[in-house]
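Step one of this worksheet: look at the structure below.
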Number of protein chains: 2
Amino acid sequence: MYAVIMAGGSGTRFWPLSREKMPKQLLKIGSEDTLIQLTVDRVLPLIKQEHIFIVTNQGIAGDIETQLTHRFGGSWDRNLILEPEAKNTAPALGLSAVHVNRIDPEGIMVVLSADHAIKNVKAFLACVKTAELAARQDYLVTLGIKPSRPETGYGYIKAGEPCRESGLSGISHVERFVEKPDLKTAQGYLASGQYYWNSGMFVWKVRTFLQEIERHMPSLHQGLMEFQKSIGSGREADAIRALFTRLDPVSIDYGIMEKTGRAAIVPADIGWSDVGSWTALEDVTDKDASGNIISGNVIDFDSTDSVVYAEKRLVATIGLNNTIVVDTPDATLVCSRDRAQDVKKVVEELKKRKSEEHLTHRTVNRPWGNYTVLEEAERYKIKRIVVNSGAKLSYQSHHHRSEHWVVVSGTARVTNGDKVYDVHTNESTYIPISTKHRLENPGRVPLQIIEVQNGEYLGEDDIVRFDDDYNRHDAKKRSPLPELPK
Amino acid sequence: MYAVIMAGGSGTRFWPLSREKMPKQLLKIGSEDTLIQLTVDRVLPLIKQEHIFIVTNQGIAGDIETQLTHRFGGSWDRNLILEPEAKNTAPALGLSAVHVNRIDPEGIMVVLSADHAIKNVKAFLACVKTAELAARQDYLVTLGIKPSRPETGYGYIKAGEPCRESGLSGISHVERFVEKPDLKTAQGYLASGQYYWNSGMFVWKVRTFLQEIERHMPSLHQGLMEFQKSIGSGREADAIRALFTRLDPVSIDYGIMEKTGRAAIVPADIGWSDVGSWTALEDVTDKDASGNIISGNVIDFDSTDSVVYAEKRLVATIGLNNTIVVDTPDATLVCSRDRAQDVKKVVEELKKRKSEEHLTHRTVNRPWGNYTVLEEAERYKIKRIVVNSGAKLSYQSHHHRSEHWVVVSGTARVTNGDKVYDVHTNESTYIPISTKHRLENPGRVPLQIIEVQNGEYLGEDDIVRFDDDYNRHDAKKRSPLPELPK
């Protein structure tokens, strides 16, 4: 069995905690682990690391790798499949199938979302094993969640006749997929016992899946086969970009599942939630006696049925009811609970305004550590830079800015033009404009420096990289598929 | 006539915009001017600058002086009367009366609050002139606001028999002062036409007022007379501190007005508001079509009857109703509109926690400019310091910290031990621990520096001042009363 974990989601509905470069799957929501860490952890009893693949985009691949290495050890570089651009789930799963197919055409693909929550892991694994049986007999199996309430925010699947093959008891054919219903319809679905929430989790044999793509999405299939031929030529990055550029975005439901005659459903009672908005926080976190979920530096008086999420900054709330308050260093959301789905409108508005509060947080992770923008003005910018023990930034220069560095903890090894020297706590140095430089932490404890940039242009893209431990100077040439497992 | 403007209020109900060191009277609320600037501006047509006195505390005296000089020009040093500690209004007005009495025992004192709003200035000035007539005939006159709604948040005054003296038509004796009523009582008051809101504005002859203090608060009177004797001895700062320490806090209403037989009331229909909480913002600011008052960097969808105050940080609001959101760099308030009075509970809680978000803002004004704390950690602190053209900080040293200064605009003149030198934009310098130093802006444009402090203790009180343009090294010896006007 192979896991394909879809981790390309942009998670706008958890803004301002989620950002384009820090989507929901990378966040800790109701747990000490992030959602993607939890997702990997859940399947590890069934599927070994080298058979777990995460399909995502270049922008967050580094963070995913860092999170998985941090949590599970080892290198996760060979586990990442990179979509060149987001085209919904069908192209991403097609690309993933090409990779699994190279390893084992008879392999069973377990398709999971990186940003969902599942309370009952044992029941989940049992469902996957049941689904595997049907997948071996060439069904495209979906895990259908037993509804616990007349939810109007999910699509539903109607179960049909039981599968009659031996060993498939409890598994049914899918009668049809249905869109998000209105409340009355949802109440009928719940009462009937025949409808299940569409969780977006699937189990199928990779050979069957590719056949169904060929039948129902022939041009995607043809593109994937052409791409497959390019593998090993050194041109695969270009080939996949060319393919994805011309593809229409299509969901796997619409492209395959609603059309195939081979869809089957395994009923799953596993405590699942898509954690689809701030109101879904209650699926993964306990409420207090007043129905609130409150975390961080909060002073509350008398609020009820509300969510108040803060970090270090102080948030004071008084007498709120059914209100969501989310505070981050650069943006605060205050939202009526019944409008949680409209958070995405704020993100759209920010894009329109060409603001940046939907893109990144003030603190941005890097393979060598992280930086936090403390202040931005027209001609200067201040950052706190944390470099992990033994790590180094790229050897680089800037056309438009000079940099003052003050070390506030640890020791920095600085390459500055043709000199290399150490700068200790409470010492400073100056990097002139256009000078090639490098910052490195040769020590055992994290290095923290305060950087004051001066210049006429202070964008992150004013950087020329000459050498980089993390190969970021030629990221565009990276193959979308990892090397095959040994 | 003399104005005595009471400006000692701590304005906790406008937290987090107001702070102990930045109370409501110093804020711009519904205007480009601050409330104290508006208060002074209102009386200037009747009373010349040298007869306007502001009674306040040492902590905000500097900011008041700066604001008044900035708005009206000239020096306002001789207009400040300093309470050594807050003991409610009776002691503060007694101290002010001693000062006015030195200039003119027959003088008429117009007592005003620095943090109220008045829309109809012309009507206000007419009321003061009417009140002056009664004050000349030894009445203690209060301006009673004609109620426009059954307000339960104000005290009321019941007007009694008209004053029969010639020239006092329209002025009545006060029958009694009443506490804040419940809604039903307030409705009765409104319907009767005999009750007025207690605005806390008074007009009286200083001689009459001191006589009434002698009669109703004899120990305060005795203390004031003893203090008066100390004036000119160089001991007056000590004398006033000793007096205030032993005084009980008493309001002028309770101490004098409710007891005197000489209270009179001038009805005032002047568009007055005490701007007593965030809900009172609508008394001074227009609402939009949805009943909202929104300002700053806000994205709102579909909120109604709400207040959303932001500054540079982004605040997004969706579907709020009757909610108050106030965002500042270090703290955010989200409050149900009907709980606006409870904001003070948050301030109390912050005091209990020994937090600092009720004390000062991230940006703190100084006579030479201002500083903003950008980041605080255990062993370092980062500030942006802005020094006005021609201004200088005190000549100082620190026991526990060294400082790195990076100039990001303008030119700094730096005294560092026994050297004096200039540091230009994009240059830096280093002040070692315990070294006497001084920062000065010799240029024509504001100087901005980024200061990175390193040390084991980084409190603002680790400062030894050797010389200061603003005499802050002996603030405690400053007399509570200014020099007499020439």
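The values are calculated or read from the model by the stated rules, or taken from the named source; none is laboratory data. Keep in mind the model is a prediction, meaning the values are calculated, not measured. Backbone-built Cβ (ideal geometry, glycine too); neighbour counts: all protein chains shown.
Structure notes:
- B:P249 meets each of the listed conditions (1) at positive phi; (2) touching a residue at least 40 places away in the same chain (Cβ under 8 Å); (3) in a loop (DSSP other than H, G, I, E, B) apart from (1).
- Taking residues in the stretch B:184-213 that are more than 17 Å from B:I157 (Cβ to Cβ), and partners anywhere that are in a helix (DSSP H, G or I) and among the charged types (D, E, K, R), the pairs with Cβ atoms closer than 8 Å and at least 6 places apart or on different chains are B:K205/B:R136.
- Residue in the stretch A:297-312 that is outside the structural domain of A:E32 (by TED's automatic domain parsing), surrounded by fewer than 23 Cβ atoms within 10 Å (Cβ to Cβ), over 30 Å from B:T12 (Cα atoms) and of a type in the set (S, T, Y) present: no
- Of all positions in the stretch A:212-220, at least one carries a residue that is within 29 Å of A:I270 (Cβ to Cβ) and out of contact with any Gly (no Cβ under 7 Å at 6 or more places or on another chain).
- Note on the stretch B:409-454: residues that are within 12 Å of B:Y395 (Cβ to Cβ), touching a residue at least 40 places away in the same chain (Cβ under 8 Å) and surrounded by fewer than 17 Cβ atoms within 10 Å (Cβ to Cβ) total 1.
- Considering only residues in the stretch A:359-373 that are touching a residue at least 60 places away in the same chain (Cβ under 8 Å) and among the hydrophobic types (A, V, I, L, M, F, W, C), the one that is surrounded by the most Cβ atoms within 10 Å (Cβ to Cβ) turns out to be A:W368.
- Given (1) assigned to a strand (DSSP E or B); (2) acidic (D, E); (3) under 31 Å from the mean Cα position of the chain (by Cα), number of the condition A:E161 does not satisfy: (3)
- Residue, farthest from A:H116 (Cα to Cα), within the stretch A:152-167, restricted to residues that are out of contact with any Gly (no Cβ under 8 Å at 6 or more places or on another chain), in contact (Cβ under 8 Å) with a residue 40 or more places away in the chain and of a type outside the set (F, W, Y): A:C163
- Selection count where residues are within 21 Å of B:L481 (Cα to Cα), modelled with pLDDT under 95 and part of a loop (DSSP other than H, G, I, E, B), scope the stretch B:22-60: 0
- Residues located in the stretch B:406-427, provided they are within 19 Å of B:G455 (Cβ to Cβ) and at the interface with another protein chain (Cβ under 10 Å from one of its Cβ atoms): B:V406
- Filter pass, A:T66 being among the hydroxyl-bearing types (S, T, Y), crowded, with 21+ Cβ neighbours inside 10 Å and in contact (Cβ under 8 Å) with a residue 24 or more places away in the chain: no
- 2 or more residues hydroxyl-bearing (S, T, Y): qualifying strands (runs of 3 or more DSSP E) within the stretch A:412-486: A:428-431
- The stretch B:296-305: number of residues that are assigned to a loop (DSSP other than H, G, I, E, B) and within 23 Å of A:E348 (Cα to Cα): 4
- Boolean, B:S389 is outside any strand (DSSP E or B) and either among the small types (G, A, S) or away from chain A (no Cβ under 14 Å) (or both): yes
- Any hit, the stretch A:225-240, residues being within 14 Å of A:G155 (Cα to Cα) and modelled with pLDDT of 95 or more: no
Residues checked against (1) closer than 27 Å to B:E175 by Cβ; (2) of a type in the set (D, E, K, R); (3) touching a residue at least 24 places away in the same chain (Cβ under 8 Å); (4) not in a loop (DSSP other than H, G, I, E, B):
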residue: B:E106; (1), (2), (3), (4): no, yes, yes, no
residue: B:V110; (1), (2), (3), (4): yes, no, yes, yes
residue: B:K129; (1), (2), (3), (4): yes, yes, yes, yes
residue: B:D138; (1), (2), (3), (4): yes, yes, yes, no
residue: B:P150; (1), (2), (3), (4): yes, no, yes, no
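- Per-region count, the stretch A:227-263, residues crowded, with 16+ Cβ neighbours inside 10 Å and in contact with a His (Cβ under 6 Å, 6 or more places away or on another chain): 1
- Entirely in the stretch B:310-386, the strands (runs of 3 or more DSSP E) that have 3 or more residues that are at the interface with chain A (Cβ under 10 Å from one of its Cβ atoms): B:314-318, B:323-328, B:331-336, B:369-376
- Odd one out for B:S169, checked against (1) at pLDDT 95 or above; (2) over 26 Å from B:T39 (Cβ atoms): (1)
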